[in-house]
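Asker: Sending over a structure as structure tokens; questions will come in a sec.
Derivation of every value follows stated rules applied to the coordinates shown; laboratory data play no part. This structure is a prediction, so every number in the text was calculated from the model and none was measured. Heads up, the Cβs are rebuilt from the backbone with ideal geometry, glycines too, and the neighbour counts pull from every protein chain shown.
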Amino acid sequence: MINMNDFYAGLDQLYEKSNYDGAERYMTDSLRAAKDQNDINSQLPILNEYMALLRSQGRHEELLSLIPDADAVIEALSIHKTAAAAATYINIAEGARQALHYDIAERYYRKTASVYADLLSPKDPRIAALHNNISQLYLETRRAQKARAEAFAALNILKQAEDREAVIRELASTYINLGDACFALQETHEGTRWLEMGIGSARRSGIMSDPRCLSALISLSETFLTEKNYDRAERYMGEALTIVNNQSPGSESSKTIQRNLNYIRDLKKRQDDYRNENLKGLDLCRAYYEECGKPLIEEKYPLYKDRIAAGLIGEGSECFGFDDRYSTDHDFGPAFCLWLTDEDYREIGAALAEDYTNLPKTFRGFPARNSKMETGQRVGVFRISDFIRRISGCDKAPKTFDDWWKVDETKLATLMAGQIFEDPLGLFTMLRRAFEYYPEEIRLIKLANSLHVAAQAGQYNLPRARRRGDVGMMYFTLSEFCEAACQVGYLINRQYMPYYKWRMRGIDRFTLLPELRVNLESIMKTNPADPAIDEKIEKLCARITATLRHKKLTTASDIYLETQSREVMRIAYMPAAQAAAKKAESAGPTVYRFD
């Protein structure tokens, strides 16, 4: 018979020397001896020690091969409801989970739960630990709701437990499980709160080296990075780097986390520089041109200095004047455009583009956005015709009704955004001005169309969708109404409506219907299933109607926008309106083809 005290003493000596190969031989020899001597009582504790070693080394398949032996011993001794059996079941379940054999893992977790129900107090932290293990299993098998329920079960036990040291350690796992479950359920704010609590508990209990803590730190950093909270993103990523460097300096994980940390620090510096400079992006770009670009042209291309147009026009937030400290995270920095005639572009385009890329790489603390001649570039050197075609999508300036009707309004807004710093020839300015705004007839017909859509979506179909209980229809009709009402505001103010993410910001510049943003935001914050939203929509429609009457675009006082649509359409086709439109058209700029 094997003396278990001697067995454990011998095993401890081998572990103290970190002789894991020797420990494994010692355990397999002891297990073989126990079987030869038919010492069934010694086999289970030896098996448990052996499985724990295999699990610590990630040799999960070998661990699972021992399941039949362990089950056979438990059956032979009839000890299904003992602590020894529970320890065996936990070893098997953990090994199976790490080996991705989730069905086996779940079965043995349930066996452990059955044993614990008979042996332990409902307040025992070991039951909380089991709930956390099952929670991790559910997380890994994409059952987030169940994972959260198991973690909450663990939390309820830990609140009542008497062993406070064990509680603090287990709380960290519980909070992290709750955070991961919330993230899986896309409840980011709640998930962040739980993960931060988990990290706090892990720090207090000294278990920050646990791999799950590292994962939580990275998740928190990525979340705050998304929210552009660079201080907290930097703090958590830096803590993750410290942990990895303590464990495996120079590893690939360390290098990856270092790159991520450098990226966060770069974004943070950009944001801080922007705030400290108190300088808008367009002003920064103009200064970059004046101090770096213009001297380049005067020195190397003196024969062309009175022929090259310069400025910044295009898609960026700085072109619209909407940039802020959050805009510095991508595609932001000192840059400008140089526009050349076809002839000049053939002669110096390639050389000038190469010189542009060699301009200073930083300016006033910001990395410059230098660009080579590539498809889709936003800054650098351009042929005038190519630039206007790319931004507007048109081969020629719109002239006819069909031309104007087909052109994408957001592209027109983009073409008119930004500034021309200088244009000695005046050609680029003249070509751009041809797109300046819709002829009156087009504006009125578009306005009538938007009023019609707003009426159909917000005043007619939204209440019908609510009566039907059709949630999808409610949200889609509300979206249609908000977009149409927004377009009404832009058309009334004779402004192009920009790309969707800038539409609300653009309303702040309205002189007519300036309250549109407040009204729309109030509507957007209201659940479309709430009848109170109808009153808010009617209030906005009343303001639109009043503005139309003020601008003499209607004589009707009916706030149903379908009525106003017909009124505006009638005015659009009145002979006087048509004559005014033709007069404006005939006085417009010359049409140039870009070919």
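Asker: Round to the nearest 0.05 the FRET efficiency obtained for ARG143 and SER114 when R0 = 22 Å and r is the Cβ-Cβ distance.
Answerer: Efficiency, from the Cβ-Cβ distance: 0.60.
Asker: Work out how much length ALA9 to GLU347 would gain on full extension: take 0.36 nm times their residue separation and subtract the Cα-Cα distance, in nm to one decimal.
Answerer: That pair, ALA9 and GLU347, stretches by 112.9 nm at full extension.
Asker: Below 8 Å between Cα atoms, with a sequence gap of 6+, how large is the relative contact order for region 383-499 in percent?
Answerer: Relative contact order comes out at 30 percent.
Asker: Would you calculate the volume per residue, in Å³, of the smallest convex hull containing every Cα atom of region 86-184?
Answerer: That works out to 84 Å³ per residue.
Asker: While we're on this one: Modelling each spin label as a point 7 Å along the Cα-to-Cβ direction, I'd like the MET1/LYS399 distance in nm, to one decimal.
Answerer: 11.0 nm
Asker: Under Stokes-Einstein, with the Kirkwood radius over Cα pairs standing in for Rh, what whole-number D in µm²/s applies to region 17-87 at 4 °C and 1.567 mPa s?
Answerer: 103 µm²/s
Asker: If the only charges are +1 at each Lys and Arg Cβ and -1 at each Asp and Glu Cβ, what is the size of the charge dipole of region 122-204 around the Cα centre, to the nearest 20 debye?
Answerer: 20 debye
Asker: What relative contact order, as a whole-number percentage, does region 440-586 give when Cα pairs under 8 Å and 6 or more residues apart are counted?
Answerer: 32 percent
Asker: Which percentage, to the nearest 5, of the DSSP beta bridges contained in the chain is antiparallel?
Answerer: Here the share of antiparallel DSSP bridges comes out near 70 percent.
Asker: Residues in region 61-88 near a label at GLN247, defined as backbone nitrogen under 11 Å from the 7 Å Cα→Cβ point?
Answerer: Residues passing the 11 Å test: none.
Asker: In addition: State the extension gain, in nm to one decimal, for the chain segment bounded by TYR560 and ASP266, taking 0.36 nm per residue of separation less the distance between their alpha-carbons.
Answerer: So the extension gain works out to 100.6 nm.
Asker: Expressed as a fraction of 2.2 N^0.38 Å, the rule-of-thumb size for a compact globular protein of N residues, what is the C-alpha radius of gyration of region 281-433?
Answerer: The value comes to 1.03.
Asker: So, in Å, what gap is there between the alpha-carbon centers of region 366-445 and region 494-573?
Answerer: Using only Cα atoms to place each centre, the spacing works out to 28 Å.
Asker: Something else: Using a cut-off of 10 Å between beta-carbons, work out the net charge of the residues near ASN519 (Lys and Arg +1, Asp and Glu -1, ASN519 not included).
Answerer: Counting the neighbours of ASN519, the net charge comes to +2.
Asker: Output the pairs from LYS446/LYS536; LYS525/LYS551; LYS411/LYS501; LYS411/LYS525; LYS361/LYS501 with a Cα-Cα distance over 19 Å in this structure; if there are none, say none.
Answerer: LYS446/LYS536; LYS525/LYS551; LYS411/LYS525; LYS361/LYS501
Asker: Treating the beta-carbon of each Lys and Arg as +1 and of each Asp and Glu as -1, no other charges, what is the dipole magnitude of region 1-41 about its Cα centre, to the nearest 20 debye?
Answerer: Its charge dipole is roughly 80 debye.
Asker: Then there is this: Against the longest alpha carbon principal axis of the chain, how many degrees, from 0 to 90 and to the nearest 10, is the axis of helix 230-247 turned?
Answerer: Helix 230-247 and the main axis of the chain meet at about 30 degrees.
Asker: Residue separation times 0.36 nm, minus the C-alpha to C-alpha distance between ALA76 and ASP231: what's the value?
Answerer: Taking ALA76 through ASP231 to full extension adds about 49.8 nm, to one decimal.
Asker: Still on this structure: When the distances between all Cα atoms of region 442-507 are binned every 5 Å from zero, what whole-number percent does each bin get?
Answerer: With a bin width of 5 Å, the distribution comes to 3, 20, 24, 20, 16, 10, 5, 1.
Asker: Same structure, new question: Local charge sum around ILE533 (other residues, Cβ-Cβ under 11 Å, Lys/Arg +1, Asp/Glu -1)?
Answerer: 0
Asker: Which of the peptides 33-43, 108-118 is most tightly packed, and how do the rest follow, going by the mean number of other Cβ atoms within 10 Å of each residue?
Answerer: 108-118, 33-43
Asker: While we're looking at this one, here's another question. Around MET4, under 13 Å between beta carbons, what's the net of Lys plus Arg minus Asp minus Glu among the other residues?
Answerer: So the surrounding residues net to -4.
Asker: Right, another one. Using helices alone, what [θ] at 222 nm do you get for the chain, with -39,500 (n - 2.57) per DSSP H run of 4 or more residues, divided over all residues and rounded to the nearest 500?
Answerer: -21000 deg cm²/dmol
Asker: Jot down the per residue volume, in cubic angstrom and as a whole number, of the convex hull over the alpha-carbon atoms of the chain.
Answerer: Roughly 220 Å³ of hull volume per residue.
Asker: I would also like to ask the following. Tell me the angle of helix 342-357 to the major Cα principal axis of the chain, expressed in degrees between 0 and 90 and rounded to the nearest ten.
Answerer: Value to nearest ten degrees: 30.
Asker: Moving to a separate point now. Starting from the Cα of GLN258, move 7 Å in the Cα-to-Cβ direction to define the label point; list residues of region 204-242 whose amide nitrogen is under 13 Å from there.
Answerer: The answer is 241-242.
Asker: Moving on. Using only the alpha carbons, work out the radius of gyration and Dmax of region 31-147 in angstrom.
Answerer: Spelled out, the Cα radius of gyration and Dmax of region 31-147 are 14.5, 50 Å.
Asker: Another question, if that's okay. Under a Cβ-only charge scheme (Lys and Arg +1, Asp and Glu -1), can you give me the dipole magnitude of the chain about the Cα centre, in debye to the nearest 20?
Answerer: For the chain, the charge dipole is close to 2220 debye.
Asker: Can you tell me the Rg and Dmax of region 440-586, counting just the alpha carbons, in angstroms?
Answerer: 15.5, 53
Asker: Against the longest principal axis of the chain, how steep is helix 211-226, in degrees 0 to 90 to the nearest 10, with axes from Cα atoms?
Answerer: Between helix and principal axis, roughly 10 degrees.
Asker: If you don't mind, there's one more thing I want to ask. Have a look at THR410, TYR289, LEU425 and report the one farthest towards the positive end of the charge dipole of region 281-433, computed about the Cα centre with Cβ charges (Lys/Arg +1, Asp/Glu -1).
Answerer: Among THR410, TYR289, LEU425, the one farthest towards the positive end of the dipole of region 281-433 is THR410.
Asker: Got the relative contact order for the chain handy, in percent, Cα pairs under 8 Å and 6 or more residues apart?
Answerer: Over the chain, the number comes to 7 percent.
Asker: Now for a different question. Over the Cα atoms, compute the radius of gyration (one decimal) and Dmax (the largest Cα-Cα distance, rounded to a whole number) for region 196-321, in Å.
Answerer: 22.1, 73
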